[in-house]
Amino acid sequence: MDLKLIYFDLPFWRAEISRLPLFIANIEFEDFRPSDEDWDYAKENGKMKDGTIIPFRELPVLSINGESVAQTMAIARICGKLGGMYPEDIVAAGKVDQVVIAVENINALLSPSMREEDPIKKKAMRAELSANELPTYLGYLQAIMDANNSEWFVGDDMTIADLAVWSLLGWIASGVIDDISSEVIRPFKGLVRLYNEINKNPRVREWKIKTYDYDRVRDDEYSFGVPDSI
Ligand SMILES: N[C@@H](CCC(=O)N[C@@H](CS)C(=O)NCC(=O)O)C(=O)O
């Protein structure tokens with residue numbers, strides 16, 4: 001099977017949720033990270049320079065035997081299935097999806113403040129996020145995990161749901177989102193434990209050493225290295 005996963009050169013959850021199941025399961029794939037110039041071309045033409053179609057002119061895109069699949073969730077299901085991190089059972093699969101979509105929703109909660117250019121408004125939005133919106137959503141996630149009676153969100157094994165939450169928490173805990181810190185996560189003991197445990201997974205550690213550039217300094221809130229513990 002010919003697999004090429006296209007996403008920017010960042011450890012963002014939208015890509016990690018699919019890169020990691022492939023890497024952990026030792027499945028060969030091309031981890032393609034377009035340059036700004038590559039991306040400008042794709043935005044304009046709806047395809048990469050090698051012809052790979054970018055259906056919504058957004059990333060991630062998975063090219064699988066030459067067929068393009070877009071949208072984070074669709075790609076994550078494929079990569080999760082290939083890597084044995086997505087359940088066969090339809091109820092369990094739905095429970096995995098609900099957590100990944102919650103991660104998408106938390107990302108969407110953060111997005112308006114990422115775009116806000118007025119520093120005073122931005123600070124106020126971040127204060128609201130830290131005090132109310134994020135704790136509320138993280139509390140819902142914690143309750144789902146508690147109901148599963150396991151260290152994972154669904155069943156007894158790590159799934160893409162756990163990886164999505166891990167990656168999102170890493171972004172928050174990295175401190176690059178001004179005025180939002182790991183303190184917002186700390187009250188949720190199960191989430192903290194999940195985060196720290198996944199960081200100890202030998203394949204995850206290997207992946208981080210191989211691909212996370214802790215020294216890179218970029219002037220944006222997406223540039224980060226996921227800390228090893230909260
Ligand atoms: N609905 C899409 C959203 C993807 C998305 O927002 N991608 C962003 C990066 S995180 C993107 O491609 N931004 C670049 C651009 O629009 O130029 C999904 O679920 O994958």
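Read-outs: derived from the displayed coordinates by stated rules, not from any lab. None of the values given here were measured: they were computed from a predicted structure. Glycine gets a Cβ as well: all are built from the backbone with ideal geometry, and neighbour counts include every protein chain shown.
By Kyte-Doolittle mean hydropathy of at least 0.5 and Cα axial length of at least 27 Å, which whole DSSP H helices of the chain are selected? Could you put the intermediate results ahead of the total?
Details: long enough: 90-115 (37 Å, 0.83).
Answer set is 90-115.
Residues with beta-carbon under 10 Å from that of Trp171, excluding Trp171: net charge, scoring Lys, Arg +1 and Asp, Glu -1? Cβ neighbours under 10 Å give a net charge of -2.
Rank these for me by crowding, Lys210, Lys81, going from fewest to most other beta carbons within 10 Å.
Values: Lys210 9, Lys81 15.
Going from sparsest to densest Cβ surroundings: Lys210, Lys81.
The simple spin-label model puts a point 7 Å past each Cα toward its Cβ; for Asp9 and Glu28 those points are separated by 2.5 nm.
With R₀ fixed at 45 Å, the C-beta to C-beta distance from Arg186 to Asp36 puts the FRET efficiency at about 0.80. Taking label points 7 Å from Cα along the Cα-to-Cβ direction, Asn132 and Asp228 give a separation of 3.9 nm.
Between Ala124 and Met1, the distance separating the two model label sites (each 7 Å from Cα on the Cα→Cβ line) works out to 4.9 nm.
Extension gain for Ala74 to Asp179 (0.36 nm times residue separation, less C-alpha to C-alpha distance): 34.6 nm. Expressed in Å, the radius of gyration and Dmax of the Cα atoms of the chain are 17.4, 50. Distance check, please: which entries in Lys123/Lys210; Lys81/Lys189; Lys189/Lys210; Lys43/Lys122; Lys49/Lys208; Lys4/Lys43 exceed 25 angstrom between their Cα atoms? Result: Lys123/Lys210; Lys81/Lys189; Lys189/Lys210; Lys43/Lys122; Lys49/Lys208 exceed 25 Å. Extension gain for Lys43 to Arg205 (0.36 nm times residue separation, less C-alpha to C-alpha distance): 55.0 nm.
About its Cα centre, the chain has a charge dipole of approximately 280 debye under the convention of +1 per Lys or Arg Cβ and -1 per Asp or Glu Cβ, with nothing else charged. Which residues in segment 76-112 have a backbone N closer than 17 Å to a point placed 7 Å from the Cα of Asp156 along the Cα-to-Cβ line? The answer is 85-89, 92, whose backbone nitrogens lie closer than 17 Å to the label point. Toward the positive end of the charge dipole of the chain, with +1 on the Cβ of Lys and Arg and -1 on the Cβ of Asp and Glu, the farthest Cα among Val96, Leu62, Ile78 is that of Val96.
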